[in-house]
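Only one structure is covered here, and it is reproduced in the block below.
The values are calculated or read from the model by the stated rules, or taken from the named source; none is laboratory data. Keep in mind the model is a prediction, meaning the values are calculated, not measured. Heads up, the Cβs are rebuilt from the backbone with ideal geometry, glycines too, and the neighbour counts pull from every protein chain shown.
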Amino acid sequence: MRVLVVEDDVSIAEPLTSGLERQGYTVHWVATGADALNAPEADLVLLDLGLPDLDGQVVCRRLRERSNVPIIVVTARSDEIDRVTLLDLGADDYIVKPFGFRELAARIRAVTRRASPAGDAAQPRPVLAAGPITVDLRTRRVTVDDAEVELTPKEFDLLAYLAEDAGAVRTRDQILRAVWDANWWGSTKTLDVHIASLRKKLGDPDLIETVRGVGYRLVDGTR
């Protein structure tokens, strides 16, 4: 698997690159946002926020605009708003410095598993339908009343998870584990932000129901 490491600190980038290569990854290391945007296509991006030329959030957004490549943000910033913003911009996960290599490797495996549904033992249905919503898992397209809706990769994953069993209640913990990480430790406000964004984009907030104290349910068209 090809990993693009975007990190300007040599003392971090060199051991990180060496560790990933020992794990069998093919690593391409760049030190600037401009070089990241011009780098060859990768299967996963490790993106530092503190770059010398472009803000990491800008790089994340531009990468996401042109590709669904999994992006893990590596940041020294601990502010929750920054992390939520990055997830909204399309990052798949984040890890805060300092971190252990084993934790990073586990996050890489989790993100790539979520990005490769074809590797699952049970193949998902290619198209899911719930009321006016249609979710095409193969093309990652969503329509509401036959009108296409543009979603971020994480919004799509969240909607697809709810649509897998429309009408059933998914607990907050189930959603965070399935859509973000089996060992998710971040704020659950991230889920609320994505639910709010989904409701707005779907055009009808009632399509996703809140089950107070439990979680969320995607309506199945039988209300």
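Any residue in the range 106-119 that's assigned to a helix (DSSP H, G or I): show its pairings with residues that are among the basic types (K, R) and at pLDDT 65 or above at Cβ separation under 8 Å, as long as the two are six or more apart or on different chains.
G119/R113
Spot the failing condition for V73; the list is (1) over 15 Å from the mean Cα position of the chain (by Cα); (2) touching a residue at least 24 places away in the same chain (Cβ under 8 Å), and only one is missed.
Result: V73 fails condition (1) only.
Looking at G50, G24 in this structure, which one is within 20 Å of A76 (Cα to Cα) and small (G, A, S)?
Within the list G50, G24, the selection yields G50.
Of the residues R102, R107, R66, only one is within 28 Å of S197 (Cα to Cα) and either among the β-branched types (V, I, T) or modelled with pLDDT under 85 (or both); which?
Answer to the check: R107.
Go through the range 205-222 and count every residue that is without any contact (Cβ under 8 Å) to a residue 24 or more places away in the chain and not in a strand (DSSP E or B).
4
Can you pull out the residues in the range 38-56 that are modelled with pLDDT under 90 and crowded, with 18+ Cβ neighbours inside 10 Å?
Those that are modelled with pLDDT under 90 and crowded, with 18+ Cβ neighbours inside 10 Å: L49, G56.
Applying the selection to the range 69-83, what residues are at pLDDT 70 or above and crowded, with 18+ Cβ neighbours inside 10 Å?
V69, P70, I71, I72, V73, V74, T75, listed by residue number.
For the range 34-80, which positions are in contact with a Cys (Cβ under 9 Å, 6 or more places away or on another chain) and under 15 Å from T152 (Cβ atoms)?
Once the filter is applied, which keeps residues that are in contact with a Cys (Cβ under 9 Å, 6 or more places away or on another chain) and under 15 Å from T152 (Cβ atoms), the range 34-80 yields I71, V73.
Restricting to the range 1-45, count the residues that are more than 20 Å from D55 (Cα to Cα), polar (S, T, N, Q) and part of a loop (DSSP other than H, G, I, E, B).
1
Run V219 past the list (1) β-branched (V, I, T); (2) at pLDDT below 85; (3) more than 17 Å from the chain's Cα centre (by Cα) and report the number of the one that doesn't hold.
(2)
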